[in-house]
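What follows is calculated from the coordinates using simple rules that are stated; it is not laboratory data. Remember, it's a predicted structure, so these values are computed and weren't measured experimentally. A quick note on method: Cβ atoms are made from the backbone with ideal geometry, for glycine too, and the neighbour counts reach across all protein chains shown.
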Amino acid sequence: MGMPLQRMTMAEFLAWEEQQTERHEFYRGEIFAMVGGSLRHNRVILNLASRISDHLDGTPCQVFAEGVKVGLADGYLYPDVMVTCGKAEAGDEQVINDPKLVIEVLPPSTKGYDKRDKFILYRSLPSLREYVLIDPADRRVEVFTLADAAVEKWTMVDQSKAGELVLSSIDLTLPLEVVFKGVEAGAT
């Protein structure tokens, strides 16, 4: 996340962003331009979104990728992939307020921000049960699962060497070869 562009209210941000060609994240009055993703970044997002969508078919849950915001108490973020099982608020086609699962595919430029700051922000959402970080360059997969909501205890499992991605929040297991399909190992 770079330097903030300008300050505004949440309502002003939503109106302003509708007029923009690029996506921006917003937190506590500050706007931050989103960096563009690489081909491998996009490939992993599409692999995940398509498989998760197939898995959720026939359930009340839905998957969204990249273009839909998550609403926080004082901001908006764009996760790479998210799942919600709630109903969208009437007339709101831009924001999900109750994601159950959030997946971030890590580009080198925002890796630290996604691991630290974004996870802190997402944890403020009572609906969130799982947060996943996927690094296509290193083929690293870390899954944070809410173990105890009463004390906000999260457990992390590094699934990089397990051969599969286990998403307990939506009862889905994917082979890592499917997650990284079309992505060369070690490619930059």
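Overview of results
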quantity	calculated
Nearest-ten-degree value, helix 39-56 long axis tilted from longest Cα axis of the chain	80 degrees
Residue order, fewest to most beta carbons within 10 Å, for Glu142, Glu25, Glu164, Glu177	Glu177, Glu164, Glu142, Glu25
Count of lysine pairs in the chain with Cα separation under 27 Å (8 or more residues apart, or interchain)	27
Relative pair counts by distance (%), Cα atoms of the stretch 104-188, 10 Å bins	16, 48, 31, 5, 0
Inter-site label distance for Thr155 and Leu39 at 7 Å from Cα along Cβ, in nm	4.0 nm
For the stretch 38-119, size of Cβ-based charge dipole, Lys and Arg +1, Asp and Glu -1, in debye	420 debye
The stretch 67-84 - phi-based ³J(HN,Hα) in whole Hz, Karplus 6.51/-1.76/1.60, Gly and Pro as x	x, 10, 8, 9, x, 10, 4, 9, x, 9, 10, 10, x, 5, 9, 8, 10, 10
Gyration tensor (alpha-carbon) shape descriptor, the stretch 37-179, a/c threshold 1.5	rounded
Extended-chain gain in nm, criterion 0.36 nm per residue less alpha-carbon gap, Arg28 and Trp16	2.8 nm
